[in-house]
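Visitor: I am attaching a structure below and will ask some questions about it afterwards.
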Amino acid sequence: MTDFAEKASDLALRVDGELVGKDSLISGMSTLDKACAGQLSFLSNAKYQKQLPNTQAEVVLVTAEFADLVPSSAIVVANPYLAFAKLSQLFDWRASIAPGIAPSAQIDATAEIDPSAQIADGAIIGRLVKVSAHCYIGPNVVIGEGALVGKSTRLEANVTLYPGVSIGKRCIIHSGAVIGADGFGFAHDGQGWVKIAQAGGVSIGDDVEVGANTTIDRGALSDTVIANGVKLDNQIQIAHNVEIGEATAIAGCTAIAGSTRIGSHCTIAGMSGVTGHLEIADGTHITAMTLVSKSIKKSGAYSSGTGVEPHAQWKRNVVRFRQLDELSQRVKNLEKLVKKLAE
Amino acid sequence: MTDFAEKASDLALRVDGELVGKDSLISGMSTLDKACAGQLSFLSNAKYQKQLPNTQAEVVLVTAEFADLVPSSAIVVANPYLAFAKLSQLFDWRASIAPGIAPSAQIDATAEIDPSAQIADGAIIGRLVKVSAHCYIGPNVVIGEGALVGKSTRLEANVTLYPGVSIGKRCIIHSGAVIGADGFGFAHDGQGWVKIAQAGGVSIGDDVEVGANTTIDRGALSDTVIANGVKLDNQIQIAHNVEIGEATAIAGCTAIAGSTRIGSHCTIAGMSGVTGHLEIADGTHITAMTLVSKSIKKSGAYSSGTGVEPHAQWKRNVVRFRQLDELSQRVKNLEKLVKKLAE
Amino acid sequence: MTDFAEKASDLALRVDGELVGKDSLISGMSTLDKACAGQLSFLSNAKYQKQLPNTQAEVVLVTAEFADLVPSSAIVVANPYLAFAKLSQLFDWRASIAPGIAPSAQIDATAEIDPSAQIADGAIIGRLVKVSAHCYIGPNVVIGEGALVGKSTRLEANVTLYPGVSIGKRCIIHSGAVIGADGFGFAHDGQGWVKIAQAGGVSIGDDVEVGANTTIDRGALSDTVIANGVKLDNQIQIAHNVEIGEATAIAGCTAIAGSTRIGSHCTIAGMSGVTGHLEIADGTHITAMTLVSKSIKKSGAYSSGTGVEPHAQWKRNVVRFRQLDELSQRVKNLEKLVKKLAE
């Protein structure tokens, strides 16, 4: 979908690398084993070193120690994976912005749309919304009253921003994401639930990516806050008044309950849950499907759950888990008895 | 986003409270520590009592025992949290309904739209749909053939109702929710899966809230049923023929499998799962990330899973979990041996 | 919603069954206990045999051994459940395709739409898209550049296909599904995350069903692949470069992490997670809310987690789980001591 092509020597310049071997035009990228003529590849994991001698890649990003093993040309860099990430963006599937407003888009007269922005068909933009320079607002996106979209931010098709949401610069919000729906707040009147209006907003920083069908609720009284550089995968649920610190990355299907504060530079693996009103320290790493039900004060890796095992064996162990406290008492009794016997 | 303002004395009347101190105009609300002049706040948790002497709030909802500690005016009520919930709705971000049909909405000629309802841009309403008085149908909402939307119900932007879905009065359905998609029903023919048409519908009562990107499937032969007053958070999955009893509240990312009946007045915390064909008693409470795989006949609190711990320690314990049944046998053997030795 | 009616004798022909008793017109279907005149029912589980004598169903699908117990007419087949599945499709709520393009749909001039396809209101179809014969493209669906939709496939309302997605024949993609969003790929530069462009696509085979709000990410360098006959329930997350084998069925809210290969003819129950870069053997069955964190080489049933129990008891057991490795050591010590004492 991209017609981009550039000389290997120019790619090397972009990543402060040194081209070793002949120069040529690069128009794509692939893994070592699948790359063909005209394509860029990379070696970042020693596990794949054995693929190097036979790769058909036109040019390979490597560290100095592997340069001699590349059968074609090499670009020598300190961190091949990082260099590959940077160069990969040249081959992104996204077309460049085509400024203007599609005829079927509905823009409220009071909205302010920068002329360099692109508003696609079917987008619906409410009162007092501000869309900044070089933004892309995809097909059928809905932006509610008073929302702000920072420079060079992309809202892919079918994104919903509720009123009062603020998004920074260079963000990507994927399709189906819903930002600013009501937090889940109710008071009980003895018979049922009385809704607490959610009067806060959502404030999202710069360089944030939000995955498909992820939901970020508006705050109850103050804002839900996503700091700069946060990366959220698909189908994540961020409840009202959560705060997520800079450059934290969260994998798919994780949920963070209300008012919890996640530190900066954390990683949370998929399908994890963090209960409400907790504080998670900077630099915390949570493994997949972990339930965090108390604050974490010290950075490090944390887990919960049990490992997978054959079902029949698991069933026996699960029964024993229910008796675990009792088993522990029995061991304690045994220790006393044995101590007495030994005396 | 709201221009609402009302005298403190009138707010007191709305919640059967007594205003103590001078009257003044209230135009917002906040927490005790962040409130400023002109704002309403509340004290419902003794933990925050220490914030009371220094609050800048114009008026504070309190019980009688704390009235004297309020530096400004107080509204004395029996249940400040509940009173706050009720008053918060006056400050809701939602604009009042602007009756009429936006020009870009597509309404089938056979649909019946009450003239007091608002149909926003891009909404698409199918054959024989009925939209009742004072409804709000948001931008790009799709309503399938024959669906019914009760009085004063709101469908926020990008909601999808499949054909034959029925929703009661005063409900809020948040963006991205999908109601009435096919239940997951297949028969195996020895080689692959044969689809079972899902001929039932979805029946939702009054005063129900459905969170963003929540999905509620249509029944296979009869309806999936959500009773009055049920509150569903974001990204919940309700499978075909589930029934959920009155005033039950379910937090984000929970899934209820097919044909399970959840009682009334239950609470289910986030990321829990309830397997199919179960019965969960009225007044059951399930903690976060619990898997309920058998019926619960007695109300009370239930849990599964393990608690979070440092990853290195967890790994050792997980290995032991796989040996738990064996460990239990070893303890039993020890007990026998020790008993013999003691004789 | 359906006006379909057919004689019982013709239904019998469709499933190679034998009609026993009088012939009549069948216009609906239901369970044995709820069926009424004119309706088809079935007995596939001995548990429901007791409902047979009193059923009001006009005709009942049964195996030969139960034919005499049917009070009305019977259709005798080898597998009543499978026969019911096949016949149920005659009563599907979906209207037949009405070929043509709705006036408010936006179709790029370079897109190729088969004249037998139906494009509903508000659908937005991009450059070079190909929509095949007898497709249904629902209201407000968005299809990105170059995507392909195979014959007789349905995209229900509000589906999003990103550029470059390919879908086979006779698929059903439910509302809110997002196919082809960027995989979650970043390199760390020491300070934050650098995006890795996701240059692969998504390739979906024939006869695949994708549930509401399910997300399937595009691959990083090569495609994410869903084979023929795969059935995905609602709110499933399929990460980049996952491959799912033929006729595998996955229940709601399960997540499969990047580059994992799931075999064919597997079943994965709801809310399970499979971590990245694993291989899961053909014919593997995973129970609900299981975390699979290592490859499974042998088909069979697998599980993780603990069973539900009353919260107070669970709390004590969870404490003991954290001490499980230590408990195991204590038992080992006891065994040594007791052995010595016994000598």
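The values are calculated or read from the model by the stated rules, or taken from the named source; none is laboratory data. Just so you know, these numbers come straight off a predicted model, no measurement behind them. Positions of Cβ are generated from backbone atoms using ideal geometry, with glycine treated the same way; all protein chains shown enter the neighbour counts.
Condition check ((1) more than 27 Å from A:Pro163 (Cα to Cα); (2) out of contact with any Gly (no Cβ under 7 Å at 6 or more places or on another chain); (3) surrounded by 18 or more Cβ atoms within 10 Å (Cβ to Cβ)) across all residues:
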| position | (1), (2), (3) |
| --- | --- |
| B:Lys7 | no, yes, no |
| B:Leu11 | no, yes, yes |
| B:Asp23 | yes, yes, no |
| B:Ser30 | no, yes, yes |
| B:Lys50 | yes, yes, no |
| B:Asn54 | yes, yes, no |
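Visitor: Can you tell me which residues in segment B:171-189 are at the interface with another protein chain (Cβ under 7 Å from one of its Cβ atoms) and without any contact (Cβ under 8 Å) to a residue 12 or more places away in the chain?
Guide: Answer for segment B:171-189, where residues must be at the interface with another protein chain (Cβ under 7 Å from one of its Cβ atoms) and without any contact (Cβ under 8 Å) to a residue 12 or more places away in the chain: B:Phe186, B:Ala187, B:Asp189.
Visitor: Select from segment B:62-95 the residues that are in contact with a Leu (Cβ under 7 Å, 6 or more places away or on another chain) and under 13 Å from B:Asn45 (Cα atoms) and write down the one among them that is surrounded by the fewest Cβ atoms within 10 Å (Cβ to Cβ).
Guide: Once the filter is applied, the top-ranked residue is B:Phe66.
Visitor: Search segment A:310-334 for residues being more than 7 Å from chain C (Cβ to nearest Cβ) and charged (D, E, K, R), and hand back the single one that is surrounded by the fewest Cβ atoms within 10 Å (Cβ to Cβ).
Guide: A:Lys332
Visitor: Name, by its number, the condition in (1) on the phi > 0 side of the Ramachandran plot; (2) touching a Gly at 6+ places or on another chain (Cβ under 9 Å) that does not hold for A:Gly100.
Guide: Here A:Gly100 clears every test but (2).
Visitor: Being touching a residue at least 12 places away in the same chain (Cβ under 8 Å) and either touching a strand residue (DSSP E or B) at 6+ places or on another chain (Cβ under 8 Å) or farther than 22 Å from C:Thr215 by Cα (or both) narrows it down to one residue among A:Gly164, A:Gly192; which is it?
Guide: Among A:Gly164, A:Gly192, only A:Gly164 is touching a residue at least 12 places away in the same chain (Cβ under 8 Å) and either touching a strand residue (DSSP E or B) at 6+ places or on another chain (Cβ under 8 Å) or farther than 22 Å from C:Thr215 by Cα (or both).
Visitor: Something else now. State yes or no: is B:Ala227 touching a His at 6+ places or on another chain (Cβ under 9 Å), closer than 17 Å to B:Gly168 by Cα, free of Cβ contacts under 8 Å to residues at least 60 places away in the same chain and more than 13 Å from chain C (Cβ to nearest Cβ)?
Guide: When the stated conditions are applied, B:Ala227 does not pass them.
Visitor: Still on this structure, please answer the following. What is the residue count in segment A:233-248 for residues that are within 23 Å of B:Leu232 (Cα to Cα) and either part of a strand (DSSP E or B) or of a type in the set (Lys, Arg) (or both)?
Guide: 3
Visitor: Any idea which of C:Val331, C:Val308, C:Val318 is over 42 Å from the mean Cα position of the chain (by Cα) and within 21 Å of A:Val319 (Cα to Cα)?
Guide: Result: C:Val331 is the single residue among C:Val331, C:Val308, C:Val318 that is over 42 Å from the mean Cα position of the chain (by Cα) and within 21 Å of A:Val319 (Cα to Cα).
Visitor: So, A:Gly307, is that one outside any strand (DSSP E or B) and at the interface with chain B (Cβ under 7 Å from one of its Cβ atoms) or not?
Guide: yes
Visitor: So, one more: Looking at segment B:249-265 only, could you name the residues that are away from chain A (no Cβ under 12 Å), at negative phi and assigned to a loop (DSSP other than H, G, I, E, B)?
Guide: B:Ala257, B:Gly258, B:Thr260, B:Gly263
Visitor: Among (1) touching a residue at least 24 places away in the same chain (Cβ under 8 Å); (2) part of a loop (DSSP other than H, G, I, E, B); (3) surrounded by fewer than 24 Cβ atoms within 10 Å (Cβ to Cβ); (4) more than 14 Å from chain A (Cβ to nearest Cβ), which single condition is B:Gln198 missing?
Guide: Only one criterion is unmet by B:Gln198, namely (3).
Visitor: Select from segment C:230-243 the residues that are more than 14 Å from chain B (Cβ to nearest Cβ) and of a type in the set (Val, Ile, Thr) and write down the one among them that is surrounded by the most Cβ atoms within 10 Å (Cβ to Cβ).
Guide: Among those residues, the one meeting the criterion is C:Ile238.
Visitor: In segment C:297-308, how many are surrounded by fewer than 22 Cβ atoms within 10 Å (Cβ to Cβ), modelled with pLDDT of 95 or more and of a type outside the set (Lys, Arg)?
Guide: Matching residues across segment C:297-308 total 3.
Visitor: Name every residue in segment C:113-131 that is aliphatic (A, V, I, L, M) and either modelled with pLDDT under 95 or in a strand (DSSP E or B) (or both), in order of residue number.
Guide: C:Ile113, C:Ile119, C:Ile124, C:Ile125, C:Val131
Visitor: Are any residues in segment B:132-170 more than 22 Å from A:Thr160 (Cα to Cα), of a type in the set (Gly, Ala, Ser), within 14 Å of chain C (Cβ to nearest Cβ) and in a loop (DSSP other than H, G, I, E, B), and if so, which ones?
Guide: Those that are more than 22 Å from A:Thr160 (Cα to Cα), of a type in the set (Gly, Ala, Ser), within 14 Å of chain C (Cβ to nearest Cβ) and in a loop (DSSP other than H, G, I, E, B): B:Gly146, B:Ala147, B:Gly164.
Visitor: Determine whether A:Glu246 is without any contact (Cβ under 8 Å) to a residue 60 or more places away in the chain, within 9 Å of chain B (Cβ to nearest Cβ), surrounded by fewer than 24 Cβ atoms within 10 Å (Cβ to Cβ) and charged (D, E, K, R).
Guide: It is false that A:Glu246 is without any contact (Cβ under 8 Å) to a residue 60 or more places away in the chain, within 9 Å of chain B (Cβ to nearest Cβ), surrounded by fewer than 24 Cβ atoms within 10 Å (Cβ to Cβ) and charged (D, E, K, R).
Visitor: Right, another one. Would you confirm whether or not segment A:276-288 contains a residue that is within 11 Å of chain B (Cβ to nearest Cβ), modelled with pLDDT of 95 or more, over 28 Å from C:Thr260 (Cα atoms) and not in a loop (DSSP other than H, G, I, E, B)?
Guide: Yes, there is a match, as at least one residue in segment A:276-288 is within 11 Å of chain B (Cβ to nearest Cβ), modelled with pLDDT of 95 or more, over 28 Å from C:Thr260 (Cα atoms) and not in a loop (DSSP other than H, G, I, E, B).
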